[in-house]
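Below is one structure, written out as structure tokens, with a few remarks after it.
The values are calculated or read from the model by the stated rules, or taken from the named source; none is laboratory data. Remember, predicted model here, so these are calculated numbers, not experimental data. Quick reminder, even Gly has a Cβ in these numbers, built from the backbone with ideal geometry, and neighbours come from all protein chains shown.
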Amino acid sequence: MYRIEKDSLGEKQIPAEALYGIHSLRAKENFPVDILFPVEWYKTVGVTKLACYKTYKKFREAASEKFGENIPVKIIDNKIIDALIDAAVEVAEGKYFEHFIVPAVQGGAGTSINMNVNEIIGNVAMHELENKCKKYTY
């Protein structure tokens, strides 16, 4: 089973169970080396992303205190940030390592591997939010 994802280059079939997305798959095709970063590297990136999401949440709280509901920038809902935090914690624990498919040897100064991490964290968070919504649907 597959899902279809689109980007500016077109569509790709992604295995339905995959947590990576179209950008990771394109990078794997463009850089067909099978040498991955060690799991510790991915855990460290998970910690880095976790710090970013927690910082964003603190910014959101500070902006709400200062501006109330009239924050002059678009703010992401706390439910989404909390789901991203949970997903980053799981990546930092070493979960989902099999979904990191972008090789260590690549072009783009790390853009592809960063997208691989973002797609995994984003998809894990999305699944968490979908499951919470289903739980409360009557």
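Counting only residues that are of a type outside the set (D, E, K, R) and either at pLDDT below 85 or over 12 Å from the mean Cα position of the chain (by Cα) (or both), the stretch 93-138 holds 20 of them. Quick check: is even one residue across the stretch 83-97 farther than 20 Å from I120 by Cβ, in contact (Cβ under 8 Å) with a residue 12 or more places away in the chain and surrounded by 15 or more Cβ atoms within 10 Å (Cβ to Cβ)? No: zero hits. When residues in the stretch 4-46 are screened for being surrounded by 13 or more Cβ atoms within 10 Å (Cβ to Cβ) and of a type outside the set (S, T, Y), 20 of them pass. Quick one: in the stretch 68-82, which of the residues that are among the acidic types (D, E) and modelled with pLDDT under 95 is nearest to I121 (Cα to Cα)? Within the stretch 68-82, the match that is nearest to I121 (Cα to Cα) is D77. Return yes or no: is I120 closer than 25 Å to I14 by Cβ, of a type outside the set (D, E) and touching a residue at least 40 places away in the same chain (Cβ under 8 Å)? For I120, the condition - closer than 25 Å to I14 by Cβ, of a type outside the set (D, E) and touching a residue at least 40 places away in the same chain (Cβ under 8 Å) - is met.
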